[in-house]
Amino acid sequence: MAHEDDARGDVSALTFEDALSELEGIVRRLEEGSAKLDEAISAYERGVVLKRHCEAKLQEAQTRVEKIVVGPGGSVTAERIDFD
């Protein structure tokens, strides 16, 4: 799986929404069970790459979200929002 992107196209340029849509399509096809074994394995590998890409995009978005905090004395700072 070291060169997964080479044969199936680079996912780094995909938006989160496009990657998620493709991942959902792969899941549907795998759940149907109609693909040949080699096709199912390739689809699963592509799904893993897409999942990682989506997770990275979400992490990137999370680190960009900040809240404005007014401190004592009126000082204003921005803090990262903790979603956990």
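The values are calculated or read from the model by the stated rules, or taken from the named source; none is laboratory data. Nothing here was measured: the structure is a model prediction, and the numbers come from that model. Backbone-built Cβ (ideal geometry, glycine too); neighbour counts: all protein chains shown.
Structural remarks
- The residues listed here are 34, 42, 75; of these, the one that is at negative phi and in contact (Cβ under 8 Å) with a residue 24 or more places away in the chain is 42.
- Selection of the stretch 38-84 for residues being farther than 24 Å from residue 15 by Cβ and modelled with pLDDT of 85 or more yields 38, 39, 40, 41.
- Condition met for residue 35 (over 10 Å from the mean Cα position of the chain (by Cα) and modelled with pLDDT under 80): no
- Scan of the stretch 48-67 for residues that are polar (S, T, N, Q) and either loosely packed, with under 11 Cβ neighbours inside 10 Å or within 17 Å of residue 18 (Cβ to Cβ) (or both), ordered by number: 59, 63
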